[in-house]
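To start, the structure under review is shown below, and the notes come after it.
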Amino acid sequence: MEPVVHLHSTVALLGRFPALAGVDLDVDPGEIVLLRGPNGAGKTTVLRLCAGLVAPTRGEAVVLGVDLTVDRRSIRPLVGMMGHATGLYDDLTVAENVRFWARAGGADPADAGAAMDRVELAARVRSLPVERLSAGQRRRASLAAMLVRRPRLWLLDEPHAGLDAAARDLVDSLVTEASSVGATVLFASHELDRAEAVATRTVTISGGMVVGDSAAHLSAPVLEATHGA
Amino acid sequence: MVHDALIIAGKDLRLEARSRVALNQVLPFVLAVVLLFGFALDADTALLRRATSGLFWVTVLFSAVIMVQRSFAIERQDGVTDALRLSSLSPGGIFLGKVVSLFCQLIVVEVVLGLCVVVFYDVTLSGGALLAVVSVVATLGIAAAGSLYGPLAAGLRNRDTLLPLLLLPVLAPILLGASRAFETALGRGVGGGWQWAAMLGIFAAVYLALGVAVWGTLLEET
């Protein structure tokens, strides 16, 4: 089976800083992979590289069959990314934002309502400008804008941050549901208990390299050896 | 590309309708400049009428700088630049959408400015066809050059002060050509209005082609 993500000895420089110093990672379709590691380890860079937003400097990087060393733009419409920023226009309403990103992603804007239903955004909230939303509502709106494009690869950077318990449960159920219909999920999180419960595999990154990998959970000795977790 | 341009232009015009930056900031600015020129030239309507063409286009250029800054500031909100990179929109389409949006907003400003000039400077409009054509091609050139330099400046640390420094020298040929053509249209020039209009058309075409060609790189690097 062709892996969705294939990184081999992948190096990525941010300026002169080697954010990734030789990553080896293969992810199969339907996997839910938790990227864990200390701040500055390279988790976000792996996600951005898989989205085509960071160029691989050396090594192999193939995502959804697209060789990122040759062409980074072709991969972008195929992935959905939710990072620390929401990617929403403050002066537009939630519904307008979701419809706009549907059109911009080549999806049907008529699906915007269904996407907002999935993230349980109340009707009243949908007609509010994004600037008037709480942080949690913004994250839900951002998630809806991602979902409406029906990405084959989900790249989530700290998806639980800033969310209340109900919203965190919602994120987890959406991730599980996506995996069950064939989408692949890579996500970075520091909330390990919750993240490891939903992940089918945990990959530990430190110093821009993969230092641990397991089918379900890393063993305690590996964690201690890598960053004293 | 046209489809992508319409998506971006529609979004930008909707954002403008919501934020009303042009209505609440640019139009009062235009009115203030018209009045200030009147005070500076001592309400001498003969002198004001002679200087109308230049004053009109200087005011349009200053308004354009404000609008270009606004147009690209909204694309730097909370991760929007990355979201645009991840979209299916072609960079050339995004560029053309920004041009269309700026063009529409600038035309509104020019209509209001034209009315102010007629009322306050006692200018009688003539040469309607030349005025209209020059307004369209000059505005297209301003919007195209502004959409090319806007993301360049938006990526810089001192973007608010650097954009005018980058953009105004580039727009100097438009100021020259549009002012001379307007003078001809208003009966105060020495002719050659249509030649100036053609020069403005070439300027607009060059910047439109340049923008479509290089905007992908600008989107990646800024």
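Every number in this text was worked out from the coordinates using simple rules, so none of it is lab data. As the structure is a prediction and not an experimental result, all values here were calculated from the model. A quick note on method: Cβ atoms are made from the backbone with ideal geometry, for glycine too, and the neighbour counts reach across all protein chains shown.
Helical runs (DSSP H, four residues minimum) scored at -39500 (n - 2.57) apiece and divided by the length of the protein assembly as shown put the mean residue ellipticity at 222 nm at -19000 deg cm²/dmol. Karplus-derived 3J(HN,Hα) values for region B:68-78, using 6.51 cos²θ - 1.76 cosθ + 1.60 with θ = phi - 60°, are 5, 4, 5, 4, 9, 5, 5, 7, 9, 5, 5 Hz; glycine and proline are entered as x.
Measuring r between the beta carbons of A:Glu120 and A:Ser180 and using R0 = 25 Å, the FRET efficiency lands at 0.85.
With θ taken as phi - 60° and the Karplus curve 6.51 cos²θ - 1.76 cosθ + 1.60 applied, the whole-hertz 3J(HN,Hα) list for region A:124-129 is 5, 6, 5, 9, 8, x Hz, x standing for glycine and proline. The mean count of C-beta atoms from other chains within 10 Å of the C-beta of residues in A:87-95, rounded to a whole number, is 6. Neighbour counts of C-beta atoms inside 10 Å place B:Leu163, B:Leu210 in the sequence B:Leu210, B:Leu163, starting with the fewest. Just need log10 I(q)/I(0) for chain B at q = 0.08, 0.12, 0.15 Å⁻¹, Debye formula, equal scatterers on the alpha-carbon atoms, no solvent, rounded to two decimals. Debye output, listed in q order: -0.29, -0.63, -0.95.
Going from the residue with the fewest nearby Cβ atoms within 10 Å to the one with the most, A:Thr202, A:Thr176 rank A:Thr176, A:Thr202. Taken over region B:52-174, the convex hull of the Cα atoms encloses 106 Å³ per residue. Rg/Rh for chain A: what does it come to with C-alpha atoms and Rh from Kirkwood? The Rg/Rh ratio comes out at 0.97. Dividing the convex hull volume of the alpha carbon atoms of region B:113-154 by its residue count gives 72 Å³ per residue.
With R₀ fixed at 25 Å, the C-beta to C-beta distance from A:His84 to B:His3 puts the FRET efficiency at about 0.20. Residues whose amide H falls under 5 Å from that of A:Val23, counting only those 5 or more places apart or on a different chain, are A:Ser9, A:Thr10, A:Val11, with hydrogens built in the peptide plane.
Full extension of the chain between A:Glu191 and A:Thr57 yields a length gain of 45.2 nm, computed as 0.36 nm times the residue separation minus the alpha carbon distance.
With contacts taken as Cα pairs under 8 Å and at least 6 residues apart, region B:2-221 reaches a relative contact order of 29 percent. Spin-label model, B:Gln25/B:Val170: points 7 Å from Cα along the beta carbon direction are separated by 2.0 nm.
Over chain A, Cα pairs under 8 Å with separation of 6+ residues give a relative contact order of 28 percent. Structural size metrics of the protein assembly as shown, computed from C-alpha coordinates, are Rg and Dmax of 26.2, 89 Å. Between the helical axis of B:27-40 and the longest alpha-carbon principal axis of chain B there is an angle of about 30 degrees.
Near the amide H of A:Asp28, within less than 5 Å, lie the amide hydrogens of A:Val4, all on another chain or at least 5 residues away, with H placed in the peptide plane. Between amide H atoms placed 1.01 Å from N, distances below 5 Å from A:Arg201 occur with A:Ile32, A:Leu34, all of them 5 or more places distant or on a separate chain.
Across region B:118-126, rounded Karplus estimates of 3J(HN,Hα) from the backbone phi angles (6.51 cos²θ - 1.76 cosθ + 1.60, θ = phi - 60°) give 4, 6, 8, 9, 6, 8, 9, 6, 8 Hz, Gly and Pro being marked x. Subtracting the Cα-Cα distance of A:Asp71 and A:Leu14 from 0.36 nm times their residue separation leaves 18.7 nm of extension gain.
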